[in-house]
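In what follows, a single structure is set out as C-alpha cells and then discussed.
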Amino acid sequence: MIGFLKYFPADQRDPRKRESRTCIHRGTNLPFESAGNDEHLDSSEKHNKIFTRRMAAVNLKSLSDEKIYEFLNSFDTVLTDCDGVLWMEMTPIKNSAEVMNKFHDLGRQTFYVTNNSTKTREECLAKCIELNFHATKNNILCTSYLAACYLQDLGFKKKAYVIGSEGISKELEQVGIGHCGVGPDTIEPGVPYKTFQKDPDVGAVIVGFDQHFSYPKLLKAACYLNDKNVHFVGTNTDERFPMDGDIIVPGTGSLVKCVETCAERKAVIVGKPETYIAEAIIKRFNINPKRTLMIGDRCNTDILLGTRCGFKTLLVLSGVTSLADVNTWKQSNSQDKLDLLPHYYVDKLGDLLPYLEKLKPSNESA
Ligand SMILES: [Mg+2]
C-alpha cells in the first residue's frame with residue numbers, strides 16, 4: 001500500500017546530502033547544508049561534489065513508483081514559486097491548485113513564495129483564492145512583507161525611505177514602521193537638486209519595483225545611504241520581467257543596481273535566491289531545511305535558493321527555465337552553474353497529482 005511506504009531519511013538517499021556538510025551561508029546565522037560556497041572543500045571534494053551535482057536534475061517520472069513515493073514522503077514543508085509554476089499571470093496551470101491543496105490536506109506546511117513587491121500578502125492571497133488555492137495570509141511570502149520582516153527583525157524604530165509601491169508601504173504599516181517616498185517624484189523645473197533636505201528620522205532605504213522610479217528618487221536614496229548607519233534593503237534582483245517578443249520590461253534588479261551604483265553600497269536582498277527568506281520562515285514557522293521542498297520554474301532564483309538552503313528542489317518546465325538550459329549546466333565545470341541544477345524536474349506541477357492522490361496524510365499512522 002502506497003500510504004504505508006517506509007520513510008528513508010534524506011541523508012541516506014540523496015548523494016548530494018551525503019556529501020553535504022554544515023556551513024554558514026553568506027553572512028546569515030543559518031547552518032544551511034550543501035550551500036553554494038565551497039571554499040572549505042579540498043580539490044578532490046570539489047571534484048566529487050561536481051560529479052554528484054551532475055547526477056542531479058533527474059526526471060521524476062523516470063523513477064519507479066516506489067522512488068517517487070519516497071520522494072513525496074521526504075518533506076514536511078513545501079515552498080513554491082508562483083508565476084510559471086501555479087499560474088501564468090491570471091491563467092492557472094492545469095492541476096497546480098489541486099496539487100498544492102493536496103499537499104495541504106496531507107499535512108504539509110505550504111508557502112507561496114514570490115519576489116513580487118508590489119502587492120501585500122492580503123493582495124497575493126486574494127489572487128490565490130480567486131484561482132482556487134487554499135492559502136491563508138500566513139502561507140504567503142512576498143518581498144514587500146519580507147522587507148518589513150527584515151527591518152522588524154533588526155528592531156528598527158525609525159522611518160524607511162521607499163522606492164517602491166504601496167505593497168511595501170502597507171506591509172511596513174502592519175509592523176508599525178513609518179515610511180515616505182511612495183508615489184510619483186518628478187523633477188521640478190528650476191528647483192536645484194541641492195535644495196533636498198534629508199528627513200533626519202529616515203534610517204533605512206528600501207528599493208522594490210517602482211513604476212515611478214526617477215532621478216529625484218535616486219538622488220534622495222543615495223543621500224540617505226551616504227550615512228553608513230542607514231540600512232539598505234532591496235526586495236529582489238530580477239533584471240527583467242519575462243516577456244515574449246522585443247519589449248524589455250525592466251525588473252526590480254535594474255532599479256536596485258542603479259541605486260547601488262550611485263550609493264556605492266550593496267543592498268541586502270530579501271527575495272530569492274538570497275537566503276533571508278529561509279531565515280524568516282525558520283524563525284517564524286519552525287521548519288526543518290532537510291525536510292523542505294522548494295518548487296520553481298526559474299533556476300537562478302527558485303532552485304538556487306533551494307540549493308543554498310539545503311532544501312530538496314523540484315523544477316517545473318512550465319515557466320522560464322528549459323530542459324535545454326538544465327542539460328547545458330550539467331556539462332559545466334562551473335560551480336555557479338551546477339548550483340542551478342534541481343534534484344528533480346517534471347513538465348508541470350500537476351503531474352504530481354496522480355501520485356499525491358494515493359498518499360495518506362502524514363499524521364495518519366501507517
Ligand atoms: Mg516563476
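Only the coordinates and a few stated rules stand behind these numbers; no lab work does. All of these numbers come straight from a predicted model, not from anything done at the bench. All Cβ positions, even for glycine, are placed from backbone atoms using ideal geometry, and neighbour counts span all protein chains on display.
Rg to Rh for segment 75-190: what is it, with Cα atoms only and Rh by Kirkwood? List each step's numbers first, then the result.
Working: Rg = 16.7 Å, Rh = 15.5 Å.
We get a ratio of 1.07 for segment 75-190.
Can you compute the modelled spin-label distance between Met88 and Asp347, with each label point 7 Å from Cα toward Cβ, in nm?
Using points 7 Å along Cα→Cβ, the separation is 1.4 nm.
Can you put Cys258, Cys149 in order of Cβ neighbours within 10 angstrom, beginning with the fewest? Intermediate results must be reported in sequence, preceding the final value.
Values: Cys258 18, Cys149 22.
If I rank by nearby Cβ atoms, fewest first, I get Cys258, Cys149.
Strictly over 23 Å apart at the Cα level, which of Lys61/Lys283; Lys137/Lys217; Lys272/Lys337; Lys157/Lys198; Lys94/Lys358 would you flag in this model? Can you show the working numbers first?
Details: Lys61/Lys283 34 Å; Lys137/Lys217 31 Å; Lys272/Lys337 16 Å; Lys157/Lys198 17 Å; Lys94/Lys358 19 Å.
In this structure, Lys61/Lys283; Lys137/Lys217 exceed 23 Å between Cα atoms.
Using Cβ counts within 10 Å as a stand-in for footprinting exposure, how do Lys94, Lys158 rank, fewest first?
Working: Lys94 13, Lys158 16.
By the 10 Å Cβ count, ascending, the order reads Lys94, Lys158.
Given the C-alpha centroids of segment 195-224 and segment 125-186, what is the distance between them in whole angstrom?
What the calculation gives is 17 Å, centre to centre.
Could you order peptides 349-361, 59-71 by the average number of other Cβ atoms within 10 Å of their residues, highest first? Please list the in-between numbers first.
Numbers: 349-361: 16.6, 59-71: 14.5.
Averaged packing, sorted descending, gives the order 349-361, 59-71.
What is the extension gain from Glu130 to Asp244, computed as 0.36 nm multiplied by their sequence separation minus the C-alpha to C-alpha distance, in nm to one decimal? Working shown, then result.
Numbers: separation 114, 0.36 × 114 = 41.04 nm, distance 2.56 nm.
Taking Glu130 through Asp244 to full extension adds about 38.5 nm, to one decimal.
Among 174-183, 159-168, how do they line up by average Cβ neighbours within 10 Å per residue, starting with the highest? Kindly include the intermediate steps, with their values, before the conclusion.
Values: 174-183: 16.3, 159-168: 25.5.
Ranking, from highest mean packing down: 159-168, 174-183.
In nm, what is the difference between 0.36 nm times the number of residues separating Thr195 and Tyr215 and their Cα-Cα distance? Numbers along the way, then the final one.
Working: separation 20, 0.36 × 20 = 7.20 nm, distance 1.43 nm.
Full extension from Thr195 to Tyr215 adds 5.8 nm.
What's log10 of I(q)/I(0) for segment 145-269 at q = 0.10, 0.12, 0.17, 0.19 Å⁻¹, Debye sum over Cα points only, no solvent?
Debye curve over Cα of segment 145-269, log10 I(q)/I(0) at q = 0.10, 0.12, 0.17, 0.19 Å⁻¹: -0.30, -0.43, -0.84, -1.03.
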